[in-house]
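This report refers to the structure that appears directly beneath it.
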Amino acid sequence: MDIKQELDQNQTVLLVLPSSKYNQISVDVTKKLSKESLCYVTLNKTRDALEETFKKKKINTENLVYIDAISKTIKSAPSQCDRCYYVSSPAALTELSLVTSKFLRHNFKYLIFDSLTNLVIYQKKAPVAKFLSSLINKIRSNKTKAVFYAVKVEGQEKLLQECSMFVDKVITLK
């Protein structure tokens, strides 16, 4: 799968990943997209953990800006710092939506949303679907191309089905 080619043909892509390959695929996708301006929304790992991983994998992070919705749930973090904005928690969908909308106005080439599966840990399926629909509509009014991750886990089939209605293409990786 060539993610850049997929994004040349589709503005929004949902990548359904097996949990065993999640880390490797997320690094590979970031590496391919990081040559352009990239906004990385993380609900899974802290910005610091991602930066460390990306640097170990020789990914240039100069073009990356993060929206980190996990750090403030585990430690004290400022509201923002160099190339990162901290959201209070993955459950704060309104705050996450406002911050992401603000970032989209900066005309990033790409946005990675990591991950929809994490949202359902904090919220019910209906608010997550509504959030995703709203976010994708904001992306569509922009030239940004977006990749949404979802880990294929038992019990999330309905969420994935619902989310697939909003994106241009769903790619399920084995």
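Summary of values
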{"item": "Exposure proxy ranking, count of Cβ atoms within 10 Å, fewest first, for Lys124, Lys145, Lys152", "result": "Lys124, Lys152, Lys145"}
{"item": "Nitroxide proxy distance, nm - points 7 Å out along Cα→Cβ at Asp8 and Ile171", "result": "1.3 nm"}
{"item": "Positive-pole candidate from Val120, Ser71, Ser37, dipole of the range 3-172, charges at beta carbon", "result": "Ser37"}
{"item": "Theoretical FRET efficiency, 1/(1+(r/R0)^6), r = Cβ-Cβ of Thr53 and Ile74, R0 22 Å, to 0.05", "result": "0.85"}
{"item": "Among Ser71, Ser19, Ser164, residue whose mean-square fluctuation peaks in a GNM of the chain (springs only between Cα atoms under 10 Å)", "result": "Ser19"}
{"item": "Nearest-0.05 FRET efficiency for Tyr122 and Gln24, computed from C-beta distance (R0 25 Å)", "result": "0.50"}
{"item": "Three-way shape call for the range 79-119 based on the alpha-carbon gyration tensor, with the a/c threshold at 1.5", "result": "oblate"}
{"item": "Computed FRET value (nearest 0.05) for Lys35 with Val153, which takes r as the C-beta separation and R₀ as 41 Å", "result": "0.85"}
{"item": "Where GluC sites (Glu not before Pro) fall in DSSP loop in the range 107-168, at most 12 other Cβ within 10 Å", "result": "Glu154"}
{"item": "Ellipticity estimate at 222 nm from DSSP helix runs (n ≥ 4, -39,500 (n - 2.57)) divided over the chain, nearest 500", "result": "-12500 deg cm²/dmol"}
{"item": "Kirkwood hydrodynamic radius of the chain, Cα pairs, Å", "result": "16.0 Å"}
{"item": "Gain upon complete extension [Lys109, Glu62; 0.36 nm per residue less C-alpha separation]", "result": "15.5 nm"}
{"item": "Share antiparallel - DSSP beta bridges, the chain, percent rounded to 5", "result": "5 percent"}
{"item": "Relative contact order computed over the chain (Cα-Cα under 8 Å; 6+ residues apart), in percent", "result": "34 percent"}
{"item": "Violating pairs (Cα-Cα greater than 25 angstrom) within the set Lys32/Lys124; Lys45/Lys145; Lys75/Lys152; Lys145/Lys174; Lys35/Lys145; Lys130/Lys169", "result": "Lys32/Lys124; Lys75/Lys152"}
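Read the figures in this text as sums done on the coordinates, not as results from a lab. Everything numeric in this text was worked out from a predicted model, so none of it was measured. Glycine also receives a Cβ, built like all others from the backbone with ideal geometry; neighbour counts cover every protein chain displayed.
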